[in-house]
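The values are calculated or read from the model by the stated rules, or taken from the named source; none is laboratory data. On a predicted model such as this, the values are computed, not experimentally measured, just so you know. As a convention, Cβ positions derive from the backbone with ideal geometry for all residues, glycine included, and neighbour counts pool all protein chains shown. Remember, those area values only see protein heavy atoms, side chains included, never the ligands or the DNA or RNA. Shrake-Rupley method; radii C 1.70, N 1.55, O 1.52, S 1.80 Å.
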Amino acid sequence: MVKITRIRALEILDSRGNPTLMTKVTLSDGVIGVAKVPSGASTGIHEAVELRDGGTRYGGKGVTHAVKNVNTVLAEVMGSVNPLSQKDVDESLLKADPSKGKGKLGANAILSVSMATAVAAAVHLKMELFEYLRTKVIGKNAKYLLPVPLSNVINGGEHAGNELAIQEFKILPIGAKTYPEGLRCISEVYHTLGKRMIKRYGRMAKHVGDEGGYCGYGLKHTKNALEEIVGAVEEAGYSPGRDVVLGIDAAASAFFKEGKYTIDGKKLDASELLEMYLDLERTFPLQTVEDPFDEEAFGDFAEYVKETKIQVITDDLTVSNPEIVKRAIKEKAGNALLLKVNQIGSVTEAIEAAKIANDAGWGVVVSHRSGETGDTFISDLSVALGTGQLKSGAPARTDRVEKYNRLLEIYDLLDGKCGYPGSKFRTDWRNY
Ligand code: 2PG
Ligand code: MG
């Protein structure tokens with residue numbers, strides 16, 4: 001039986017220049033699996049714990065303790081685990097750190113081993129990662145759906161230094177027939193948007209935020225950003241509403257304080273903010289809204305779901321945690337789950353959260369973090385789960401583009417014999 005013979009982690013940097021982990025898992029046949037862990041900025045309070053060193057080195061953000069935990073405790077534990085059973089791998093990892101949020105060894109440490117082992121197992125079996133995850137780990141047949149990208153073309157909130165409270169303004173290329181056509185669409189709209197913004201607001205508007213979207217220089221209000229995007233969609237030769245629909249991630253916890261949401265120069269209570277979202281839906285081809293309220297406001301999320309027909313995604317509210325996802329489903333506090341593997345800290349638990357969401361009829365959107373690396377695990381995961389939606393930032397900056405490029409590669413590997421949901425981006429997963 002194949003075994004894990006060596007696990008080696010090291011401290012590397014993420015796309016914001018902060019430390020994170022790269023972990024290599026070596027199997028007895030010499031195969032190596034590598035994983036690099038991402039990191040968020042607008043993190044939910046119930047997320048699994050990123051173990052950071054503290055002190056002054058790297059502003060306290062070093063991960064040498066997490067690295068050490070991988071190289072000692074986890075390397076030891078994994079020596080006797082079957083790397084071809086992701087369930088056993090993750091059960092052993094969770095047993096090694098049963099603390100709440102995996103804070104003892106660090107969810108960043110644990111996740112790096114969980115992901116790298118899956119990568120190694122796929123290589124060992126001479127399978128592509130998406131194929132391995134789908135057929136061997138999730139246990140579904142080899143029928144593949146590529147995702148519609150939710151591409152964040154204007155950054156705000158904690159991801160950019162502008163006046164926009166809303167964190168992400170996204171485009172979804174739903175008129176495309178295939179994934180490559182969809183990617184081409186977001187690239188064309190992105191570049192058209194950049195030229196428009198420079199023409200209107202000057203060269204400062206050329207700069208980008210943490211996820212490669214424009215920094216929003218000159219934009220004062222939520223509506224201005226959406227107007228610019230709709231204009232760019234048209235100018236690029238696409239039809240807003242038919243070819244491209246819009247999405248936002250409000251990441252509303254970041255502008256919520258003492259019961260009020262500070263946005264567009266106003267202080268709104270939850271019902272006024274809900275009215276604002278409904279008004280945006282009436283004015284723009286807005287089809288998906290993420291984290292519209294504070295991360296503990298289950299009731300306000302549920303109010304929104306009652307009032308709208310569009311996709312309401314829970315991110316900070318559910319933090320990819322199976323138990324919290326169950327609560328949100330019970331309280332009807334959304335209709336789609338944002339899935340970030342590092343929020344929960346293991347591949348198996350992330351897959352479980354997705355399954356719980358799908359079983360309840362909720363959509364699932366696999367997502368990057370604002371602090372990323374070149375790792376493309378999430379592209380394979382979205383194809384393996386057949387979520388039909390992936391959020392990976394603008395079609396710019398290598399940390400974002402690598403994910404989109406991996407999907408191009410998967411499309412090629414499959415000879416184009418895979419689905420693309422297009423306008424059925426909220427429901428097509430049911431066929432896979
Ligand atoms: C989000 C993410 C990713 P962060 O809120 O959805 O876009 O941001 O990684 O900073 O939490
Ligand atoms: Mg979010």
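What is the spin-label model distance, in nm, from Lys330 to Glu163 if the labels are put 7 Å beyond Cα along the C-beta direction?
About 4.4 nm, to one decimal.
What number comes out for the charge environment of Val137, summing +1 per Lys or Arg and -1 per Asp or Glu over other residues with Cβ under 15 Å away? Don't skip to the answer; put the middle values down first.
Details: positive: Lys87, Arg134, Lys136, Lys140, Lys355; negative: Asp88, Asp90, Glu91, Glu128, Glu131, Glu349, Glu352, Asp380.
Around Val137, the charge tally is -3.
Using Cα pairs closer than 8 Å and at least 6 residues apart in sequence, work out the relative contact order for segment 139-217, in percent.
Details: 117 pairs, mean separation 27.9, N = 79.
In percent, rounded to a whole number, it is 35.
Run the reach check for Lys24 against lysines, Cα to Cα strictly under 17 Å, same-chain hits fewer than 8 apart removed. What comes back?
Cα-Cα hits under 17 Å: Lys3, Lys36, Lys68.
So between Val73 and Arg200, what do we pick up on full extension, going 0.36 nm a residue minus the alpha carbon distance? Mind dumping the intermediate values first?
Details: separation 127, 0.36 × 127 = 45.72 nm, distance 5.60 nm.
Taking 0.36 nm per residue and subtracting the Cα distance, the gain is 40.1 nm.
5 Å is the cut-off here: which amide hydrogens, built 1.01 Å from N in the peptide plane, fall below it relative to Val148, excluding neighbours closer than 5 in sequence?
Gln389, Leu390
Using only C-alpha positions, report the orientation-averaged shadow area of the convex hull of segment 1-159, nm², one decimal. Mind showing how you got there, number by number?
On the way: hull surface 43.6 nm².
Hull-based average projected area comes out at 10.9 nm².
Roughly what angle does helix 398-413 make with the longest principal axis of the chain, taking Cα atoms, 0 to 90 degrees, to the nearest 10?
With both axes taken from Cα atoms, the answer is about 70 degrees.
With every protein chain left in place, what is the accessible area per residue of segment 33-127 in square angstrom, probe 1.4 Å? Please report the intermediate quantities before stating the final value.
On the way: 3950 Å² over 95 residues.
With the other protein chains kept in place, segment 33-127 gives 42 Å² per residue.
Kindly report the accessible area of segment 148-431 per residue (heavy atoms of protein chains, probe 1.4 Å, no ligands, DNA or RNA), in Å².
On the way: 10240 Å² over 284 residues.
Result: 36 Å² of accessible area for each residue.
Which FRET efficiency value, to the nearest 0.05, is calculated for Glu409 and Glu275 with the Förster distance at 56 angstrom and r the Cβ-Cβ distance?
After rounding to 0.05, the efficiency reads 0.80.
Hey, rough spin-label estimate for Asn141 and Lys257, points 7 angstrom out along Cα→Cβ, what's it come to in nanometres?
Between Asn141 and Lys257, the label points sit 5.6 nm apart.
Which length gain, in nm to one decimal place, applies between Met127 and Lys417 when the Cα-Cα distance is subtracted from 0.36 nm times their residue separation?
102.7 nm
Arg6 versus Ile45, label points 7 Å from Cα toward the beta carbon: distance in nm?
4.5
Enumerate the aspartates and glutamates that Lys87 could reach by cross-link, defined here as Cα to Cα under 15 Å, with residues fewer than 8 away along the same chain left out.
The qualifying aspartates and glutamates are Glu349, Glu352.
Taking H placed 1.01 Å from N in the peptide plane, check which residues at least 5 places from Leu164 or on another chain put their amide H under 5 Å from its amide H.
Placed amide hydrogens put Gly157 under 5 Å from Leu164.
Once phi is turned into θ = phi - 60°, what whole-Hz ³J(HN,Hα) does the Karplus curve with 6.51, -1.76 and 1.60 give for every residue of segment 243-251, x standing for Gly and Pro?
Each residue of segment 243-251 in turn: 8, 9, 10, 10, x, 10, 10, 5, 6 Hz.
So if I place +1 on the C-beta of Lys and Arg and -1 on the C-beta of Asp and Glu, and nothing else carries charge, what would the dipole magnitude of segment 298-360 be about its Cα centre? I want it in debye, nearest 20. Each step should come with its number before you reach the end.
Working: 8 positive and 10 negative charges, 35 e Å.
Roughly 180 debye, rounded to the nearest 20.
Please report the relative contact order for the chain, taking Cα pairs under 8 Å with a sequence separation of at least 6, and give it as a percent rounded to a whole number. Don't jump to the answer; show the numbers that get you there.
On the way: 988 pairs, mean separation 83.8, N = 432.
Contact order relative to length: 19 percent.
Give the separation of the Cα centroids, segment 118-144 to segment 325-353, in Å.
First find each Cα centre; the distance between them is then 22 Å.
Would you mind checking which residues have amide H under 5 Å from Leu21's amide H? H placed 1.01 Å from N; only 5 or more apart, or other chain.
Hits under the 5 Å cutoff: Ile12, Val37.
With Cβ to Cβ distances under 11 Å as the rule, what net charge do the other residues near Asn224 carry (K, R +1; D, E -1)? List each step's numbers first, then the result.
Details: positive: Arg200, Lys220, Lys223; negative: Glu163, Glu227, Glu228, Asp264.
Within the 11 Å Cβ shell, the charges total -1.
Could you please state how large a percent of the accessible area of segment 4-126 is carbon and sulfur, counting protein chains only and using a 1.4 Å probe? Don't skip to the answer; put the middle values down first.
Details: 2810 of 5200 Å².
Here it works out to 54 percent.
Give me a comma-separated list of calculated 3J(HN,Hα) values for segment 318-323, in order, Karplus coefficients 6.51, -1.76, 1.60 applied at θ = phi - 60°, integers in Hz, x for any Gly or Pro.
So the Karplus estimates, Gly and Pro as x, are 10, 6, 6, 9, x, 5 Hz.
What's the ranking of 292-303, 413-424, 309-320 by average number of surrounding C-beta atoms within 10 Å, highest first?
Numbers: 292-303: 21.1, 413-424: 16.3, 309-320: 25.4.
By packing density, highest mean first, the sequence is 309-320, 292-303, 413-424.
What translational D, rounded to a whole number of µm²/s, comes out for the chain from Stokes-Einstein when the hydrodynamic radius is the Kirkwood one over Cα pairs, at 4 °C and 1.567 mPa s?
60
Share of segment 134-194's accessible area from carbon and sulfur, percent, 1.4 Å? Walk me through the numbers on the way to the answer.
Working: 890 of 1910 Å².
Accessible surface attributable to carbon and sulfur in segment 134-194 totals 47 percent.
Given a 1.4 angstrom probe, I'd like the percentage of the accessible area of segment 276-367 that is carbon and sulfur, rounded to a whole number.
Values: 1390 of 2930 Å².
After summing per-atom areas, the C and S share lands at 47 percent.
What does the extension gain come out to for Arg242 and His207, with contour length at 0.36 nm per residue minus their alpha carbon separation? It would help to have the intermediate numbers written out before the result.
Numbers: separation 35, 0.36 × 35 = 12.60 nm, distance 2.90 nm.
Residue separation times 0.36 nm, minus the Cα-Cα distance, leaves 9.7 nm.
Which value at 222 nm does the chain reach when only helices count, each DSSP H run of 4 or more adding -39,500 (n - 2.57), with the total divided by all residues and rounded to the nearest 500 deg cm²/dmol? Before the final figure, lay out the partial values.
On the way: 14 runs with 155 residues, N = 432.
After summing the helix terms and dividing by residue count, I get -11000 deg cm²/dmol.
Whole-Hz ³J(HN,Hα) for each residue in segment 177-194, computed from phi via Karplus 6.51 cos²θ - 1.76 cosθ + 1.60 with θ = phi - 60°, x for glycine and proline: what do you get?
After applying 6.51 cos²θ - 1.76 cosθ + 1.60, I find 8, 9, 4, x, 5, x, 5, 4, 4, 5, 5, 5, 5, 4, 5, 5, 4, x Hz.
When ranked by the protection proxy of mean other Cβ atoms within 10 Å per residue, highest first, what sequence do the peptides 357-368, 335-346, 56-67 form? Please list the in-between numbers first.
Numbers: 357-368: 22.2, 335-346: 26.7, 56-67: 17.3.
The peptides rank, most packed first, as 335-346, 357-368, 56-67.
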